[in-house]
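Asker: After the C-alpha cells below, expect a handful of questions from me.
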Amino acid sequence: MSAQVSSGGAERGTTRRRGYEVEQRSRSARDTRRADDDGTRALSLRRSRSAGVAGQSGDPDTRGLSLLMHAAFFLLLGASLTRFLLRHPGEARTPWIIGLSVALAVLYVIGPVLGSRPTPRSLLWLGVLVAVWMVLVVLAPSFAWCAVPLFYTGLRILPPRAALALVALLTLFVVAAQLRLADGFDPNLILAPPAVAAVATAVFVHMQRQAVTQNELIDDLLRTRRELAATERREGTLAERQRLSMEIHDTLAQGLSSQQMLLQAADRTWDTDPATARRHIRTATGIAERNLAEARRFVHDLAPADLAEGGGLDAALHALAARETAQAQGRLTVRCHVEGAPHTALPGRVQSALLRIAQGALANVTEHADATEAALTLTHLDDRTVLDIADNGHGFTPTEPGGAPRGVRGHGLPAMRARLRQLGGTLTIESAPGEGTAVTATVPLTPQDPA
C-alpha cells in the first residue's frame, strides 16, 4: 500500500484541533476588540471635557483635588469676610466688600459649569473672577488668602505659560496685601507667598505629568490589545479556512475523485457492457449520497458523518469497510475486526482521528496498492487503543519517519503522524516491495483526554 494522498495532507492533522481552539480565541478576540473600542470612545469622551489631562472629570484623584480646592476657596472667602467684618464694623466700604464677596462666590460656582477647556467663555469667566478678587484684595488685603484655589483654577484652564504668568500676578498681589497688613517690614511676607505659589504649582505640574504618563500607558495598552485581537482574529480565520479545506479533502474530494473514475469507466463500457456501466453509475450514486451526508455534517459541526450516526468508532469502521468493499466492485475486499471493549467511551477527538486515518489508509490502498484484500483491526487495551490497517498489495520501502515513500507523490503518512502526534500517539509502518503493508496507529488513553 502506498502512502498517497494530497500534498496538503500532512498539515490536516496538525491544524484540525488548533482550528477549533483558535476559533474560540477569535470569538474572544472579537469581544475584546469591542470592549477596547468602547473603552477608547469613553477615554476620548473624557478627554473632550478637559483641555488638560489633569483636569479630566473622570480621574478620581483630580476630582478629589477639585472638591478640596472648592471647599478651601469658600472656607478662605468666608474667613476673610468674617475677619473684615469683625475688625472694620460700620465702615463705608463694608457694603462693597460684602457685595464683591457674594459676586466672587457666585462667579466661582459658575466655573465648573463652563468646564476646564480654554474656550472664550471660560477665559472671560476667569478674567472676571480674577478682577473681582483683585478689587477685593485692594479694598481688604485679608482676601489675599483666596489666591491658592485661584492658582489651581488658572493652572487647570490656561496653557502652561499663561498659567504661570497668572500665578506670578496673583503672588505679587498677595505679597503686596501682606505688606499692607504688616506693622513693619517682615522678610517672611515677601518670601513665603512665592514659596507657597511655587510648591502649589510644582505639585499641580507633577500631577499633570503623572496623568499624561498614565494616559499614554493606557493608550499603549489599548492599542496593543487591539493589535493582539486583530492578530488572533486573522489567525483564527486562516486556521478555520485551512481546517475546512483539509476536512473537505479528506471526504468530499476523495468521494468526487471516486465518482469521476466510476463515471469515466461507465462511459467507456456504456455501449459494450451496459450492465457494468449501470453498476458503476449506481456505485457513483452511493458515493454521492455519502458526500451529501458529509456536506450536511460540515454545516452542523464538521464531525465525521459515520460517527455522527451514533454507533461510535466500532460501527463507523464496520460501515467504512462495507462501503469500501461495495465501491471496489469485487476488486478489493475490506474486513473489519474489533477486539476487546473500551472501559469508558473513547474521547471524540480520538475516534475522529482514528476514523480519518482509516479512511486515508484505505484510499491509498484503493488507488495505489493494487491489493485484493485489506483488514481493519481495532484493539481496545487498558491503557491504549490500537488500529491496524493491513493489505496484500505490492508494498513499498518505508523511509524515515515523516517522509513519503520514494516515487510516491503526496504526504499521507506524515498526515497520519500529525493527527496522532496531537493525541500523543505513534504510527508504525511495516512494508516491503511485494509483501503488502501494515500500518499501526496507537493512541494512549489518559484521564485528561477530552471527550
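The values are calculated or read from the model by the stated rules, or taken from the named source; none is laboratory data. Just so you know, these numbers come straight off a predicted model, no measurement behind them. Please note: Cβ atoms are built from the backbone with ideal geometry, for glycine as well, and neighbour counts cover all protein chains shown. Note: areas computed on protein heavy atoms with side chains; ligands, DNA, RNA excluded. Shrake-Rupley method; radii C 1.70, N 1.55, O 1.52, S 1.80 Å.
Asker: Here are 266, 288: which of them is open to solvent by 30 Å² or more (accessible area, probe 1.4 Å), over 14 Å from residue 363 (Cβ atoms), of a type in the set (Gly, Ala, Ser) and modelled with pLDDT of 75 or more? Steps first, answer last, please.
Answerer: Working: 266 fails: open to solvent by 30 Å² or more (accessible area, probe 1.4 Å).
Only one candidate qualifies: 288.
Asker: Kindly establish whether residue 227 is within 40 Å of the chain's Cα centre (by Cα), free of Cβ contacts under 8 Å to residues at least 40 places away in the same chain and part of a helix (DSSP H, G or I).
Answerer: Details: within 40 Å of the chain's Cα centre (by Cα): yes; free of Cβ contacts under 8 Å to residues at least 40 places away in the same chain: yes; part of a helix (DSSP H, G or I): yes.
For residue 227, the condition - within 40 Å of the chain's Cα centre (by Cα), free of Cβ contacts under 8 Å to residues at least 40 places away in the same chain and part of a helix (DSSP H, G or I) - is met.
Asker: Given the criteria open to solvent by 40 Å² or more (accessible area, probe 1.4 Å), on the phi < 0 side of the Ramachandran plot, assigned to a helix (DSSP H, G or I) and modelled with pLDDT under 85, does residue 67 qualify?
Answerer: The answer is yes for residue 67.
Asker: Please give the number of the condition residue 149 fails out of (1) within 53 Å of the chain's Cα centre (by Cα); (2) open to solvent by 50 Å² or more (accessible area, probe 1.4 Å); (3) under 13 Å from residue 77 (Cα atoms).
Answerer: Going through the list (1) within 53 Å of the chain's Cα centre (by Cα); (2) open to solvent by 50 Å² or more (accessible area, probe 1.4 Å); (3) under 13 Å from residue 77 (Cα atoms), residue 149 breaks only (2).
Asker: Then there's this: Condition check: part of a helix (DSSP H, G or I), within 60 Å of the chain's Cα centre (by Cα), modelled with pLDDT under 75 and surrounded by 14 or more Cβ atoms within 10 Å (Cβ to Cβ). Does residue 211 satisfy that?
Answerer: Details: part of a helix (DSSP H, G or I): yes; within 60 Å of the chain's Cα centre (by Cα): yes; modelled with pLDDT under 75: no; surrounded by 14 or more Cβ atoms within 10 Å (Cβ to Cβ): yes.
No, not satisfied.
Asker: Taking the range 70-99, which residues are open to solvent by 60 Å² or more (accessible area, probe 1.4 Å), under 17 Å from residue 141 (Cβ atoms), in a helix (DSSP H, G or I) and without any contact (Cβ under 8 Å) to a residue 40 or more places away in the chain?
Answerer: Selection gives 82, 85, 86, 87, 98.
Asker: Among (1) of a type outside the set (Asp, Glu); (2) touching a Leu at 6+ places or on another chain (Cβ under 7 Å); (3) modelled with pLDDT of 85 or more, there is one condition residue 295 misses while meeting the rest; what is its number?
Answerer: Only one criterion in (1) of a type outside the set (Asp, Glu); (2) touching a Leu at 6+ places or on another chain (Cβ under 7 Å); (3) modelled with pLDDT of 85 or more is unmet by residue 295, namely (3).
Asker: Of all residues in the range 153-166, which are assigned to a helix (DSSP H, G or I) and either touching a Cys at 6+ places or on another chain (Cβ under 7 Å) or open to solvent by 10 Å² or more (accessible area, probe 1.4 Å) (or both)? Outline the logic, then answer.
Answerer: As a first pass, look at the range 153-166 and keep what is assigned to a helix (DSSP H, G or I): 153-157, 160-166.
Matches in the range 153-166: 155, 156, 160, 161, 162, 164, 165, 166.
Asker: Additional query: Show the residue pairs meeting these rules: Cβ distance below 6 Å; 6+ apart or different chains; first residue within the range 256-280 and under 25 Å from residue 295 (Cβ atoms); second residue open to solvent by 40 Å² or more (accessible area, probe 1.4 Å).
Answerer: Sorted first by the residue in the range 256-280, then by its partner, the pairs are 266/281.
Listed here are the residues, each with its yes/no results for (1) under 22 Å from residue 325 (Cα atoms); (2) modelled with pLDDT of 90 or more.
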site: 349; (1), (2): no, no
site: 372; (1), (2): yes, yes
site: 376; (1), (2): yes, yes
site: 398; (1), (2): no, no
site: 415; (1), (2): no, no
site: 422; (1), (2): no, no
site: 428; (1), (2): no, yes
site: 437; (1), (2): yes, yes
site: 443; (1), (2): no, yes
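Asker: Ok, one more. Being in a loop (DSSP other than H, G, I, E, B) and buried (at least 18 other Cβ atoms within 10 Å of the Cβ) is the filter here, so list the residues in the range 368-391 that pass it. Give the steps one after another, and end with the answer.
Answerer: Of the residues in the range 368-391, the ones in a loop (DSSP other than H, G, I, E, B) are 370-372, 381-383.
Hit for the range 368-391 is 371, nothing else.
Asker: Is the range 338-348 home to any residue that is of a type in the set (A, V, I, L, M, F, W, C), closer than 18 Å to residue 425 by Cβ and either assigned to a helix (DSSP H, G or I) or open to solvent by less than 70 Å² (accessible area, probe 1.4 Å) (or both)?
Answerer: As a first pass, look at the range 338-348 and keep what is of a type in the set (A, V, I, L, M, F, W, C): 338, 341, 345-346.
Still in the running and closer than 18 Å to residue 425 by Cβ: 345-346.
Subset that is either assigned to a helix (DSSP H, G or I) or open to solvent by less than 70 Å² (accessible area, probe 1.4 Å) (or both): 346.
Yes; the residues of the range 338-348 include at least one that is of a type in the set (A, V, I, L, M, F, W, C), closer than 18 Å to residue 425 by Cβ and either assigned to a helix (DSSP H, G or I) or open to solvent by less than 70 Å² (accessible area, probe 1.4 Å) (or both).
Asker: Let me ask something else about it. Just the residues that are open to solvent by 40 Å² or more (accessible area, probe 1.4 Å) and touching a helix residue (DSSP H, G or I) at 6+ places or on another chain (Cβ under 9 Å), please, taken from the range 125-137.
Answerer: 128, 135
Asker: Could you list, in sequence order, the residues of the range 101-124 that are open to solvent by less than 20 Å² (accessible area, probe 1.4 Å) and either in contact with a Cys (Cβ under 6 Å, 6 or more places away or on another chain) or closer than 11 Å to residue 77 by Cβ (or both)? Let's see the steps before the verdict.
Answerer: Pass one, the range 101-124, residues open to solvent by less than 20 Å² (accessible area, probe 1.4 Å): 101, 104, 108, 111, 116, 122.
Correct list: 101, 104, 108.
Asker: Specify the residue that is modelled with the lowest pLDDT; the eligible residues are those in the range 179-197 that are in contact with a Ser or Thr (Cβ under 9 Å, 6 or more places away or on another chain) and open to solvent by 50 Å² or more (accessible area, probe 1.4 Å). Spell out how you get there, then give the answer.
Answerer: Narrowing the range 179-197 to residues in contact with a Ser or Thr (Cβ under 9 Å, 6 or more places away or on another chain): 181, 193-194, 196-197.
Keeping just the survivors that are open to solvent by 50 Å² or more (accessible area, probe 1.4 Å) gives 181, 194, 196.
Values: 181: 71, 194: 81, 196: 78.
Looking at residues that are in contact with a Ser or Thr (Cβ under 9 Å, 6 or more places away or on another chain) and open to solvent by 50 Å² or more (accessible area, probe 1.4 Å), I get 181.
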